[in-house]
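The structure under discussion appears below in the form of structure tokens.
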Amino acid sequence: MIDKLDNSFQFQQQALNLLNKRQDILASNIANADTPGYQARDIDFASQLKEVMAKGESTHASLNLSMTSGNHIPASAPAIDNSQLLYRIPDQPSIDGNTVDMDRERVSFVDNNVKYQTSLTVLGSQIKNMMSVISQG
């Protein structure tokens, strides 16, 4: 029974993980808009999601953070696989070699945010539906 519940949430969970990863990449592009020689990066969301769902594994392998004191709270950070990042081809190259197009980055950032919010809404409705089925059963 637990496996069926887990499988039903798997798609939205993986989509949220990938959208979060993409948001970090797009934010990095925007932050480096004035950095000479910076190459804008992105991921192919659809192909990454298909690949992850076919493998049935998580998109985040975590990095454990070292604790130097017993008072620290144990934590982990998601690892980003740079081999899956793609370079953007600029519409208009700049003199300093930077390939960040701020208009494109802003649109991609907002689009990604809308998709993330939509996935959260869908996941929330799936949880509400399951809770209503469980409470009526």
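By a straight-distance test (C-alpha under 19 Å), which aspartates and glutamates pair with Lys21 as possible cross-link partners, with residues fewer than eight away in the same chain excluded? Straight-distance partners of Lys21: Asp42, Asp44, Glu51, Glu57, Asp81, Glu105, Asp111.
Given their separation in residues at 0.36 nm each and the Cα-Cα distance between them, Ser69 and Met53 gain 1.9 nm when the chain is fully extended. Take the Cα of Asp44, step 7 Å toward its Cβ, do the same at Ser94, and the gap between the two points is 2.7 nm. Around the Cα centre of the stretch 93-135, unit charges on the Cβ atoms of Lys, Arg, Asp and Glu (plus for the first two, minus for the last two) sum to a dipole of about 380 debye. Using 0.36 nm per residue and subtracting the Cα-Cα separation, the extra length available between Asp6 and Ser83 on full extension is 24.8 nm.
Quick note: the coordinates plus some simple rules give every number you see, no bench work behind them. All of these numbers come straight from a predicted model, not from anything done at the bench. Cβ sites come from the backbone with ideal geometry, for glycine too, and all protein chains shown count toward neighbours.
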